[in-house]
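Student: Take this structure, written in structure tokens, and hold onto it; I'll ask about it next.
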Amino acid sequence: MPRDEVTLTGFLRCRDAADVAVVRRHLPEHIALTRAEPGCASFSVEQTDDPLVWAVAERFADRAAFAAHQERVAASEWGRVTAGIPREYEVSG
């Protein structure tokens, strides 16, 4: 990992089928917008073998790019509609 790079890995844990439906509906746009952000090196959110759990892996060029992503997401429709879905993330870098 390059010295300034920031990574986030972990899980989005839906509580029920309604949460899964929200994720499925809004995820494609969230992925497209994130991958278009300056400094986004990679971004994936994929459903695991457990249909309620999504594996998340993000990589940004530096702390500023990661912070800009976090700010954009907090103000986005994705951020609003998924705010109540539990997340378990680990950030390094």
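The values are calculated or read from the model by the stated rules, or taken from the named source; none is laboratory data. What you see is a predicted model; the values in this text were computed from it and never measured. Methodologically, a virtual Cβ is constructed for each residue, glycine included, from the backbone with ideal geometry; neighbour enumeration extends over all protein chains shown. In case anyone asks, the SASA skips ligands and DNA or RNA and just uses the protein heavy atoms, side chains included. Shrake-Rupley method; radii C 1.70, N 1.55, O 1.52, S 1.80 Å.
Student: Can you give the FRET efficiency to the nearest 0.05 for ASP4 and GLU46, using r as the Cβ-Cβ distance and R₀ = 22 Å? Intermediate results must be reported in sequence, preceding the final value.
Tutor: Values: r = 26 Å, r/R0 = 1.18.
Calculated transfer efficiency: 0.25.
Student: What does the charge add up to near ALA57, with Lys and Arg as +1, Asp and Glu as -1, over the other residues with Cβ less than 12 Å from its Cβ? Mind dumping the intermediate values first?
Tutor: Working: positive: ARG59; negative: GLU46, GLU58, GLU90.
Spelling it out: positives minus negatives among the neighbours equals -2.
Student: Per 5 Å bin from zero, what fraction in whole % of the C-alpha pairs of the chain is there, up to the bin with the longest pair?
Tutor: All Cα pairs considered, the percentages come to 3, 14, 25, 27, 18, 9, 4, 1.
Student: Roll a 1.4 angstrom probe over the protein heavy atoms and tell me the percent of accessible area of the chain that is carbon or sulfur. If you can, show how the numbers build up before the last one.
Tutor: On the way: 2910 of 5460 Å².
Looking at the chain in its full context, I get 53 percent from C and S.
Student: Moving on to the next point. Suppose a student asked you for the relative contact order of the chain, using Cα pairs under 8 Å spaced at least 6 residues apart; what percent would you report?
Tutor: On the way: 145 pairs, mean separation 43.4, N = 93.
After rounding, I find 47 percent.
Student: Using unit Cβ charges (K, R positive; D, E negative) and no other charged atoms, how large, in debye to the nearest 20, is the dipole of the chain about its Cα centre?
Tutor: Details: 11 positive and 15 negative charges, 36 e Å.
Dipole of the chain, to the nearest 20 debye: 180 debye.
Student: Follow-up. Can you tally the net charge around TYR89? Count Lys and Arg as +1, Asp and Glu as -1, for every other residue whose Cβ sits under 12 Å from the Cβ of TYR89. Don't skip to the answer; put the middle values down first.
Tutor: Numbers: positive: ARG13, ARG87; negative: GLU58, GLU88, GLU90.
That sum, taken over residues with Cβ under 12 Å, equals -1.
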